[in-house]
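A.B. asks: Got a structure here, written out as structure tokens. Questions coming.
Laboratory data are not the source of any read-out in this text; all were calculated from the coordinates shown. Keep in mind the model is a prediction, meaning the values are calculated, not measured. Don't worry about glycine lacking a Cβ; one is built from the backbone with ideal geometry, like all the others, and counts go over all protein chains shown.
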Amino acid sequence: MAKLERTEKPINVIIEERQSGELGLPEIQRGYVWKQTQVRDLIESMYKEYPCGLILLWKPPSEMLDNLQLRKSAIPSMGFSNNKKPTLLVLDGQQRITSILRVLEGTTDVYFNVEEEKFEIKSPKIKGNPLWISVTKIFKDGAPKVWRDIKKNVGNLSDEKYDEYLERLAKIEKIKEYRIPVEILHTDDYEEITEAYIRINSKGTKLREAELALAQLALRLPGIVSNDFEDALDEYEEKDFEFEARFLIRCFVALATAQSRYKFLSKLWKLSEQELINHWKETKQGLDYTINFLRNNAGIESSDWLPSINALVPLVVFFAKKEQLSSEEEKLLLFWYYSACMWGRYSSSAETKLDQDLDVIMDKDSGLLRDNGVDALIRNCRKDVADLRVDEGELIETYQRSSFVPVLFAMVRKNRGKDWFTGIELSATNVGPSHQVEMHHIHPRSLLKRKGYHSKDYDDLSNIVFLSQRANRAVRNSEPYDYIRQFKIDKERMESQFVPLDEELWRIENFDKFIKVRRKNIKDAMNQYLRNIGGAYMDI
């Protein structure tokens, strides 16, 4: 029978307990997800002595702790003790505890304006203003020392004003004494704890359904979330694909249930440990295959260039079940993937469309791939758009909003496009800041602005090429007619990015003509490539 103990602790005591290792995180906890603005708002609320919720802790029996999986610290540099066994585990409040720790360490840099009593995240607009003080500095150095620094840097103020500043700085320092209600749950029932965690996080600031599914999985298969999932995420990050555990659980659910919705998981949680392990092994196999397919076949080398994360789920399911891929299947999968991304297959009603696509790939009862699943995927995609061929009108959009940008970059990669200046092949994985790929305006924005053009004109996708950072800076304010000739840019390198070679079109006064020609070049190249891999499906 669970027993609830109520108490109250200063935040600095809770922080010390977390730093010393006395407070731990159970595996069912999600990772740290708060945005910097949420941290700022928490500090401000504590400064104003507003209620900030309670901390819910779990005190399991000592012998039970030996068998529990714990999560790693979100701030490894704080030097938490890894040897000390925690006596209490945080069920609710870890986002707040970790946020305070991040401010203490300086990982999240919150600043306080002593004149206006405002809080902001560090930014260029407050840099150099002596009235904006780092909260981390106040915590570490103390209010008197920070106050003396202000007196040195800000002159010609009255004694009353300086006293007012000192009072406010002292109030910031006193945040560490802010008292928080703490409830401690005494029980040895892990399932009861998981249920409590899910109930807590289904109210107020909700956990996403994916995170609740992660908690359920951690309950039924200890270690899979804190070890296997985390190891996989680290492995993929090393390959330039940064995912979250939510994406992994989505793929896991899709493979195990042949659908994507978290509310239909009752049968999943009745499976044995070995069956769950087998589903994870399949998921990992499908994820590995998918990343290799993206890198080597689709020309997408990092998660920065992924048009749609949801479009990966059907690929993971397909590759988890498919050991051999024919040349025809490879082409059609590419055709489907590009089409789904360009036409925004999952931009609305994502779960409904994922379920439609998973249904045509895999049979729910047998767990086997259906015959002609790729054909059915393409036909599902075809229901969203009247024509899978790219039309020039669809390319009339700013590059910041265009779903065609990643596909365009992939095509440049397939053309083995080289940087106009360095001669190095363009790649999202190039080493060194000066070789990182950026989107460059062929006709510079500054020149077009002077001519009266608006952002929708100069930011048009057809005015964008992919260049290294070094090259981008070299041609910043020159018109293409000048810098192409000055730097003797290789025309083959320009053609690989579908740039017109007519020199008259490089003049700023011919910008409108240039855009029309370049847009047609992109459209023709995309349709030719899509026809090469999609064949007759382009005309269905």
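A.B. asks: Compute from the Cα atoms of the range 342-454 the Rg and the Dmax, the latter being the longest Cα-Cα distance, and quote both in angstrom.
C.D. replies: My reading of the Cα-based Rg and Dmax gives 19.9, 65 Å.
A.B. asks: How long are the semi-axes of the equivalent ellipsoid of the range 392-533, defined as square roots of 5 times the Cα gyration tensor eigenvalues? Whole Å, largest first.
C.D. replies: On the way: eigenvalues 85, 75, 42 Å².
For the range 392-533, the ellipsoid semi-axes come out as 21, 19, 14 Å.
A.B. asks: Something else: State which entries of Lys122/Lys145; Lys151/Lys174; Lys137/Lys176; Lys48/Lys127; Lys59/Lys85 exceed 19 angstrom in Cα-Cα distance in the structure shown.
C.D. replies: Working: Lys122/Lys145 21 Å; Lys151/Lys174 21 Å; Lys137/Lys176 13 Å; Lys48/Lys127 25 Å; Lys59/Lys85 12 Å.
Beyond 19 Å between Cα atoms: Lys122/Lys145; Lys151/Lys174; Lys48/Lys127.
A.B. asks: I'd like to compare 518-529, 3-14, 241-252, 180-191: which one has the highest average count of other Cβ atoms within 10 Å, and what's the full order after that? Intermediate results must be reported in sequence, preceding the final value.
C.D. replies: On the way: 518-529: 17.8, 3-14: 13.7, 241-252: 21.4, 180-191: 15.9.
Averaged packing, sorted descending, gives the order 241-252, 518-529, 180-191, 3-14.
A.B. asks: From the backbone phi of the range 124-131, what are the Karplus-calculated ³J(HN,Hα) couplings (6.51 cos²θ - 1.76 cosθ + 1.60, θ = phi - 60°) in whole Hz, Gly and Pro given as x?
C.D. replies: Working through the residues one at a time gives x, 5, 9, 5, x, 8, x, 7 Hz.
A.B. asks: Measuring from label point to label point, each 7 Å out along Cα→Cβ, what is the Lys449 to Ala350 span in nm?
C.D. replies: My value for the distance between the label points is 3.4 nm.
A.B. asks: Restricting things to alpha carbons, find the Rg to Rh ratio for the range 110-175 using the Kirkwood radius for Rh. Mind showing how you got there, number by number?
C.D. replies: Details: Rg = 10.9 Å, Rh = 11.8 Å.
Computed over Cα atoms, the ratio is 0.93.
A.B. asks: What is the extension gain from Leu271 to Asp384, computed as 0.36 nm multiplied by their sequence separation minus the C-alpha to C-alpha distance, in nm to one decimal?
C.D. replies: Values: separation 113, 0.36 × 113 = 40.68 nm, distance 3.62 nm.
Full extension of this stretch gives 37.1 nm more.
A.B. asks: Can you work out the PRE-style zone for Lys456? Point 7 Å along Cα to Cβ, and I want the residues of the range 394-408 with backbone N under 11 Å.
C.D. replies: Once the point is set 7 Å along Cα→Cβ of Lys456, 397-398 turn out to lie under 11 Å by backbone N, inside the range 394-408.
A.B. asks: A further question follows. Can you list residues from other chains, or at least 5 along the same chain, whose modelled amide H is less than 5 Å from the amide H of Ile133?
C.D. replies: Phe112, Asn113, Val114
A.B. asks: Report the label-to-label distance for Asp66 and Lys48 in nanometres (one decimal), using points 7 Å from each Cα along the Cα→Cβ vector.
C.D. replies: With each label placed 7 Å out from Cα toward Cβ, I get 5.0 nm.
A.B. asks: By a straight-distance test (C-alpha under 28 Å), which lysines pair with Lys281 as possible cross-link partners, with residues fewer than eight away in the same chain excluded?
C.D. replies: Within the straight-line cut-off, Lys281 pairs with Lys72, Lys239, Lys263, Lys267, Lys270, Lys321, Lys322, Lys331, Lys353, Lys364.
A.B. asks: With the cut-off at 1.5 for a/c, could you classify the chain from its C-alpha gyration tensor as rounded, prolate or oblate?
C.D. replies: Values: a/c = 2.70, a/b = 1.25, b/c = 2.15.
Oblate, because a/c is 1.5 or more while a/b does not exceed b/c.
A.B. asks: Give the calculated FRET efficiency between Asn12 and Glu164 to the nearest 0.05, with a Förster radius of 25 Å applied to their Cβ-Cβ distance.
C.D. replies: Given R0 = 25 Å and the Cβ-Cβ separation, E is 0.50.
A.B. asks: Contour minus end-to-end for Glu115 and Ile424, with contour as 0.36 nm per residue of separation and end-to-end as the Cα-Cα distance?
C.D. replies: On the way: separation 309, 0.36 × 309 = 111.24 nm, distance 5.21 nm.
Using 0.36 nm per residue and subtracting the Cα-Cα distance, I get 106.0 nm.
A.B. asks: Ok, one more. What is the sum of charges, Lys and Arg at +1 and Asp and Glu at -1, for the other residues whose Cβ falls under 14 Å from the Cβ of Pro314? Kindly include the intermediate steps, with their values, before the conclusion.
C.D. replies: On the way: positive: Arg250, Lys321, Lys322, Arg345, Lys353, Arg370, Arg379; negative: Glu329, Glu351, Asp355, Asp357, Asp359, Asp375.
Taking every Cβ under 14 Å from that of Pro314, the sum is +1.
A.B. asks: Label Lys151 and Lys520 with points 7 Å out from Cα along Cα→Cβ: what is the distance between them in nm?
C.D. replies: Simple spin-label model gives 7.5 nm for this pair.
A.B. asks: While we're looking at this one, here's another question. Report the relative contact order of the range 110-175, percent, no decimals, based on alpha-carbon pairs under 8 angstrom and at least 6 residues apart.
C.D. replies: It comes to 34 percent, rounded to a whole number.
A.B. asks: Taking H as built 1.01 Å from N, whose amide H comes closer than 5 Å to the amide H of Glu438, not counting residues under 5 places away?
C.D. replies: Leu467, Ser468, Gln469
A.B. asks: Also, quick follow-up: Please report the relative contact order for the chain, taking Cα pairs under 8 Å with a sequence separation of at least 6, and give it as a percent rounded to a whole number. Before the final figure, lay out the partial values.
C.D. replies: Details: 730 pairs, mean separation 62.1, N = 540.
That works out to 11 percent.
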